[in-house]
Amino acid sequence: MGRHAATSAGRRPAQLTPQVLIALAVAAVVLLAGGLTVWAVDAGGGECESTAVVRVAVAPELAPVAERVLADAEGLRPADCAAAEVTAQQPVQTVGDLGALDAASLPHVWVPDSSLWTARAEGADLQTVGSVASSPVVLATSAAAVDELDWTDGAPGWAEAMASPQGSILPDPAASAEAVAALGAVRTALGGDEDADNAVVQAVLAAERGPSLSPAEALAAGSAGDADAPLVPVSEQEVWAANAGSEDPQLVAVYPADGSPVLDHPLVRVGAASAVDAAAVDAVVRALTSDAARSAVVEAGFRDTGGAAPAGAEAAGVAEQAPETLQLDPAEVQALLAQLAELAAPSRILTVFDVSTSMEAPAGDGTRATLARDAARSTLTLVPEEFALGLWFFAAELDGERDWTEVVPTRQLAAEVEGSVQRDLLDEQLAAIPERLRPGGTGLYDTTLDAVRAARADFDPTSVNSVLLVTDGANEDGDGIGLDELLDTLRDEADPDRPVKVIGVALGPDADLAVLEQVAEVTGGAAYSAVDPADLQTVLFDALRQR
């Protein structure tokens, strides 16, 4: 499938990798780096009347291994009338799906990078039946930085390391198990008391004050041998993968003295999606816990479940000997995430969805409209209660001569409204997107200006205020304002005391990304392109997190 691109104000790329955002997500909407890739392992043939297809969602870094192991596994061959379909999906996206989608859209088997995700999937029918691979969480930087820090013979503990003068870059805890594990390690290593909580806050604030780099940029600096490369919490396997094929690798894994939390890549059966041949699911479980799987994960830079070193460990910048495991309590980690959310201002977002008939265009297994519906509903399940969201639909002359209509006013998600709550009202209206499509074109410019004005009139000084606009087309309203007038008006009406940024999402190849980029530049927002509409959930998650 296609990958998404993103641009932001100042023409800097809008990062789709986890960013330093301490809130739990807009949100965790869920999330990140990488899009969605599907491998269909031979779907059977021969004398089979039908083939039992097991849907397997796997953390992206492990997906190639899963595809390889399942390609010709016993019980999943054409003659077995069974097959596995491997989908590389960020765990935060799967968590969102588990809370929003029906069983037919869920995986039968899930392999996230960490059991911390299963703890976040509250209410889902999940059964952990094993582990596919393991990888300690480490701090990545350059070998030159390690020399400058005088850590060649050993690093200090997590709290001291992350507060060191070297500086650190913290991925978004809403979407990164490594970031959550690193902060959990700081707290656990110090005993979990009030002083430990303060140390976590110090680590977070130190990362915020650090270099203005994304995690990917920081890792690139480490790979380039930059002595100023900041520390980044990542999996050991990510260091291994970054150094693969390098004759003189400069990126190294730092192992804090307290020990390392481990990403355990649990093997999880999803009970809510059990309408498939149980024998085929059993075959997937057997294959992913087999000796062949253990060999494959070691070759791909992971450790096996017993801690055996990845292939060529020392040459790839990682230790031969596994570090001591620092055990984290998932319940305490959940509480930690809630505390971290309090450090960030909530978001107030007016979401504006295109409902022109072009959204009926086929996309994936449905249409652009159904994909927008599913992605938005999954995203909504992960938005924190203190965030405020409203919803508009737009096309052309949707409400008299006006191109847009307000469907749900902007309110906190927990707000009670006439016997319901805001979150449920939004979910109900998002579910109706495919039925709300209207002919007549797209009034993009008028809607954008009106949405910014509405968000500014409804401004909350305690929140980050923005407009999230999703469209699959270009402006087709010849009676409305032009592009130059739109941009000039946005500039003239900008109020530094009431800033409103526009986050634009161009869905599919016909959307006018260039216009969204210009609007983003004027408002300090960001513009994203879901080149393949199936990437929309990843893009939407990241767009919502832009703060």
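Here are the numbers for this structure:
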| quantity | calculated |
| --- | --- |
| For the chain, calculated [θ]222 nm from helices alone, where every DSSP H run of n ≥ 4 adds -39500 (n - 2.57) | -10000 deg cm²/dmol |
| Per-peptide average of other Cβ atoms within 10 Å, ordering 518-531, 85-98 highest first | 85-98, 518-531 |
| Helix 513-523 axis, angle to the chain major axis (alpha carbon atoms, nearest 10°) | 90 |
| Helix 368-380 vs. the chain, principal-axis angle (Cα, 0 to 90°, nearest 10) | 60 |
| Table column - 3J(HN,Hα) (Hz), region 236-242, Karplus curve with 6.51, -1.76, 1.60, x for Gly and Pro | 4, 5, 5, 5, 4, 5, 5 |
| Cα gyration tensor category, rounded, prolate or oblate, for region 63-144 with a/c compared to 1.5 | oblate |
| Sites Gln327 and Asp365 - FRET efficiency at Förster radius 41 Å, r taken between beta-carbons, to 0.05 | 0.50 |
| Beta bridges by DSSP in the chain, antiparallel share as percent, to the nearest 5 | 50 |
| Crossing angle, helix 536-545 versus the chain [Cα axis fit, 0-90 degrees, rounded to tens] | 90 |
| Stokes-Einstein D (µm²/s) once Rh is taken as the Kirkwood radius of region 375-451 over alpha-carbon pairs, at 4 °C in 1.567 mPa s | 97 |
| Relative contact order of region 136-262, pairs being alpha-carbon contacts under 8 Å that are 6 or more residues apart, as % | 49 |
| 5 Å binning of all Cα-Cα separations within region 346-545, expressed as whole percents from 0 upward | 1, 8, 17, 22, 22, 17, 9, 3, 0 |
| Alpha-carbon spread of region 162-208, three principal axes, descending order, Å | 24, 24, 13 |
| Kirkwood Rh (inverse of mean 1/r, distinct Cα pairs), region 136-262, angstrom | 14.2 |
| Pairwise label distance in nanometres, Ala415 with Glu49, each label 7 Å out on the Cα-Cβ vector | 5.6 |
| Computed over region 207-256, Cα set: Rg, Dmax in Å | 10.8, 34 |
| For region 48-89: span of alpha carbons on each principal axis (Å, largest first) | 34, 15, 8 |
| Mean shadow area of the chain, taken as a quarter of the surface of its Cα convex hull (nm²) | 25.6 |
| Where N is the number of residues in region 230-270, Cα Rg divided by 2.2 N^0.38 Å | 1.49 |
| Nearest-0.05 FRET efficiency for Asp150 and Glu314, computed from C-beta distance (R0 25 Å) | 0.75 |
| Length-normalised contact order for the chain - Cα pairs under 8 Å, 6+ apart - percent | 21 |
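Bear in mind these aren't lab numbers, they're just calculated from the coordinates by the rules spelled out. None of these values were measured; they are calculated from a predicted model. Because the Cβ atoms are built from the backbone with ideal geometry, glycine has one as well, and the counts that use them run over all protein chains shown.
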